[in-house]
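For reference, the structure discussed in these notes is given below.
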Amino acid sequence: MALLGSTRRSRATRVPPVVLAFVLVPLLAEAFWVFWPALQGFYLSLTSWDGLSAPKFVGLGNFSEMVHDEVFRTAAINTVLWLLLFGGLSAALGLGAALLLQQERRGIGFYRAALFLPVVFSLVATALVWQAMYQPDGLINNVLQAIGLGGWKHAWLADQDTAFYAVIVPALWRQVGYVMVLYLAGLKGIDPVLYEAAKVDGATRLQQFRHITLPQLRSVNAVVLSVIVIDSLRSFDVVWALTRGGPYHSSELLSTYMYSTAFQSLRLGYGSALAVVIFVLAFGVIASYLVRAFREADS
Amino acid sequence: MTVFNATRRRFLVGTGAVGAGALLSGCVTQTPSTSGGKSGGPVTLQSNLSSPQAKTAMQAVVAAYDKRGDARAQLNTVASETFRTQLPTYLTSANPPDAYTWYPGSVAESYAKKDLLLGLDDIWEKPELAGYSDALKKLCTSASSGKKVFVPTSYYWWGVFYRKSNFAKWGVKEPKTWDEFLDLCDKLKSKGVAPIGLGAGGDTPWVASTWFDYLNIRVNGAKYHRELLAGKHRFDDPEVRKVFDKWDEARPFFDPNGTAIPFQDATTALLQGRTGMMLIGTFFADAAPKDALGDLDFFQFPIIDPKVPVAEEAPTDGYFASARTKRVDGVKELLRYLASAEAQELYLRNSSGTALPTHPDAKDAGTPLVLKGRKLIESATDVTQFFNRDSSDALQPTADTALVHYLAKPKEIGSILTTWQRSAQKIWSQ
């Protein structure tokens, strides 16, 4: 009996070599291309390295420098602000657009496609188009002039008071269409009977939204939130293409500061330390979100 | 289960051991390797000359080299900023591109010191390079090894450029002194023109450095300037403050869009007469339409203190090669060709033609503009290169931030200089 049991168990749990290969080969590739460079990054964050000589081990020196680094502080604050503004606005505007465009009407497909179109373009191309619009004699200033708001004309990307917000706009312009599509899918999944019942009960549109739409969109919200958090923390291309974190660090994000420190100032050790901080932040935000999500699922 | 367990454990132990071993041996330090790479095939020439006219001229030179028959070269043109950030990676890789467009002096020295550049002493003895001036020989010799590591092929000058027709229209003339320069600015401003164009926005913030360079060599002299950039003085010293006091006098005449547009757009503004003049190197002409070239003129950056010996910025361009190249003979052959009068003239004919060849027998474009430029450099007591060429590529971003900040918030100059010194210190102490 015991023998039979063990044979059965081993037959049931033995992994066929093909399956094992399917797991191990990608894992090896991943280990080589992802885990290994990441480990190197951790090691480099403990060194001072100019990319040419051998790295000098400095322990936690880079991290203690960060504590007194004003640019790091600006970049960290901007990254949090970016997360809130970019994240919050793209969710709100995406949901708004989805609500507006959910009903099948004549020509609605055109509006949906128009809003989704920016998602198709590469972010660098998007940034270049916006750069032309933000130029001192570009479209935005010309329009302001034409409608009698010449006093509002501005060097949008060259002014430290406006650069950060000017950079968020193209990022949002692109993200809203993506979020809208996610919400449209969610809205399609809501049973119309719920709304009919609510109408019979005399619920206003706002009440319908609050008590039917929002709770029904809970699962979509989870997807949107994770997409937004990940996209916020990896935002780099649009800022780099438009301002390179400038003028004088006013639109600096942790990602752009990491890049300029490492590859422009050739302080690769400090740049790696910044990369470690970004990793920890991203991991922290995502892990805390996952824990919360699991807890909600359990309850 | 046992089978799988054993495999997984062994795999994890194996990976861990490999990882730890490599970490301990510091494999991230990319120790020099002599393996890999092919010694045959064309010599690769990595070029940062990506503006249309310069790129065409490079293609013409390489095509002419290939046509000679015995050896071939392959031109890879890379955007300038990408090239600059990738250069350390190129040079430290095991199988690097063979030759590179770049700069001599302290920039080349930073690589030569680490044995990353190919020694070129033997080709300097050949006829193509033997007649080069002593100043060029010195500029291309590594201070640490005493070997020649660079082949210079052209140089250019910086000046305050303007359109002759516009100056005639506005009824103004070239100034000589600082006071005359400020008067000129006043006159242009009264005519509704932004007197000084800049072009330190977009991806060319480094253009602002030349104002710092010129004011510093006019106020404190070229020697002090070089020492400052080498870390022997501080950016928050009173001498540097004097530079900004002078800059303050000219700052109200700068184009307000100067830090919002790159130098290519600032060139357009100059050509269209929206700005009056621009302190820039002759390379800007590569971005200008050819029919406008005849209307361009320049004047020397005004003298501020007659007691200070007159220095000019005249950056030299040329080529160096990787010490790890597998095609040593081919690279030297290519560099010898590039150093020849024939190749330099070919380059000048196909580009905007505003640079000066380094070969004593090579003819320049011969235009009045070029003759004036040559005279400017030849009559200078001292010659500087440019901020990053006299310091390092790594120090350039610190200047970009400080100077663009100064132009926007001039009153904060005290804290700007303190911050600049702090950032520079981090680079110097590496």
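The values are calculated or read from the model by the stated rules, or taken from the named source; none is laboratory data. As the structure is a computational prediction, the values presented were derived from the model and not from experiment. Note: ideal-geometry Cβ built from the backbone for every residue, glycine included; neighbour counts use all protein chains shown.
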Inset, instruction - State all residues of region A:214-234 that are more than 10 Å from the chain's Cα centre (by Cα) and not in a helix (DSSP H, G or I); if no residue qualifies, say none. - result: A:Leu217
Inset, instruction - Grab the helices (runs of 4 or more DSSP H) fully contained in region B:318-398, keeping just those with 2 or more residues being out of contact with any Phe, Trp or Tyr (no Cβ under 8 Å at 6 or more places or on another chain). - result: B:328-339, B:341-350, B:368-378
Inset, instruction - Looking for whichever is within 27 Å of the chain's Cα centre (by Cα) and either small (Gly, Ala, Ser) or within 12 Å of chain B (Cβ to nearest Cβ) (or both) here; the options are A:Leu24, A:Leu44, A:Leu52. Which one fits? - result: A:Leu44
Inset, instruction - Kindly indicate which of B:Leu129, B:Leu49 is outside any helix (DSSP H, G or I) and either touching a residue at least 24 places away in the same chain (Cβ under 8 Å) or hydrophobic (A, V, I, L, M, F, W, C) (or both). - result: B:Leu49
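Looking only at residues that are on the phi < 0 side of the Ramachandran plot and modelled with pLDDT under 90 in region A:244-257, which one is surrounded by the fewest Cβ atoms within 10 Å (Cβ to Cβ)?
A:Gly246
Got a sec? Which of A:Val227, A:Val220, A:Val277 is more than 29 Å from A:Leu46 (Cα to Cα), away from chain B (no Cβ under 14 Å) and buried (at least 19 other Cβ atoms within 10 Å of the Cβ)?
Values: A:Val227 fails: buried (at least 19 other Cβ atoms within 10 Å of the Cβ); A:Val277 fails: more than 29 Å from A:Leu46 (Cα to Cα).
That would be A:Val220, the only listed residue that is more than 29 Å from A:Leu46 (Cα to Cα), away from chain B (no Cβ under 14 Å) and buried (at least 19 other Cβ atoms within 10 Å of the Cβ).
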Inset, instruction - Go over the candidates A:Ala114, A:Ala127 one by one and state the one that is crowded, with 18+ Cβ neighbours inside 10 Å and among the small types (Gly, Ala, Ser). - result: A:Ala127
Legend entry - Single match in B:Thr418, B:Thr367 (criterion: touching a residue at least 24 places away in the same chain (Cβ under 8 Å), surrounded by fewer than 20 Cβ atoms within 10 Å (Cβ to Cβ) and within 14 Å of chain A (Cβ to nearest Cβ)): B:Thr418
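Rundown of residues vs (1) among the hydroxyl-bearing types (Ser, Thr, Tyr); (2) modelled with pLDDT under 85; (3) assigned to a strand (DSSP E or B), yes/no style:
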residue	(1), (2), (3)
B:Thr44	yes, no, yes
B:Val61	no, no, no
B:Tyr65	yes, no, no
B:Ala71	no, no, no
B:Asn76	no, no, yes
B:Leu87	no, no, no
Inset, instruction - Considering each of B:Ala250, B:Ala222 in turn, give the residue that is touching a residue at least 60 places away in the same chain (Cβ under 8 Å), under 23 Å from the mean Cα position of the chain (by Cα) and more than 14 Å from chain A (Cβ to nearest Cβ). - result: B:Ala222
Legend entry - Of the criteria (1) at pLDDT 95 or above; (2) among the aliphatic types (A, V, I, L, M); (3) more than 23 Å from B:Ala314 (Cβ to Cβ), which one B:Ile123 fails: (1)
Inset, instruction - Considering only region A:90-118, state which residues are in a helix (DSSP H, G or I) and either among the charged types (D, E, K, R) or on the phi > 0 side of the Ramachandran plot (or both). - result: A:Arg112
Legend entry - Enumerated helices (runs of 4 or more DSSP H) restricted to region A:129-210, each holding at least 1 residues that are more than 14 Å from chain B (Cβ to nearest Cβ) and within 28 Å of A:Leu253 (Cβ to Cβ): A:139-146, A:163-188
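Taking only region B:341-358 into account, find how many residues are touching a strand residue (DSSP E or B) at 6+ places or on another chain (Cβ under 8 Å) and closer than 22 Å to B:Asp134 by Cα.
8
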Inset, instruction - Give region A:247-274 a look and list any residue that's of a type outside the set (A, V, I, L, M), assigned to a helix (DSSP H, G or I) and either within 13 Å of A:Val71 (Cβ to Cβ) or within 12 Å of chain B (Cβ to nearest Cβ) (or both), or say none. - result: A:Thr256, A:Tyr257, A:Tyr259, A:Ser260, A:Thr261, A:Phe263, A:Gln264, A:Gly269, A:Tyr270, A:Gly271, A:Ser272
Inset, instruction - Search region A:55-81 for residues being surrounded by 14 or more Cβ atoms within 10 Å (Cβ to Cβ) and not in a helix (DSSP H, G or I), and hand back the single one that is nearest to the chain's Cα centre (by Cα). - result: A:Asp69
Inset, instruction - Could you pull out the residue among B:Asp390, B:Asp400 that is more than 14 Å from chain A (Cβ to nearest Cβ) and in contact with a helix residue (DSSP H, G or I) (Cβ under 6 Å, 6 or more places away or on another chain)? - result: B:Asp390
Inset, instruction - State which residue is modelled with the lowest pLDDT when the search covers only region B:384-430 and only residues that are among the hydrophobic types (A, V, I, L, M, F, W, C) and within 14 Å of the chain's Cα centre (by Cα). - result: B:Ala394
Legend entry - Residues of region B:191-215 that turn out to be over 18 Å from the mean Cα position of the chain (by Cα) and away from every other protein chain (no Cβ under 14 Å), as a count: 6
Inset, instruction - Check off (1) without any contact (Cβ under 8 Å) to a residue 12 or more places away in the chain; (2) surrounded by fewer than 15 Cβ atoms within 10 Å (Cβ to Cβ) for B:Thr268 and give me the number that stays unchecked. - result: (2)
Inset, instruction - Tell me, yes or no, whether region A:238-246 has at least one residue that is outside any loop (DSSP other than H, G, I, E, B) and either more than 30 Å from B:Trp420 (Cβ to Cβ) or more than 14 Å from every other protein chain (Cβ to nearest Cβ) (or both). - result: yes
Inset, instruction - Can you confirm whether region B:290-300 contains a residue that is closer than 19 Å to B:Ile217 by Cα and either out of contact with any strand residue (DSSP E or B) (no Cβ under 6 Å at 6 or more places or on another chain) or within 14 Å of another protein chain (Cβ to nearest Cβ) (or both)? - result: yes
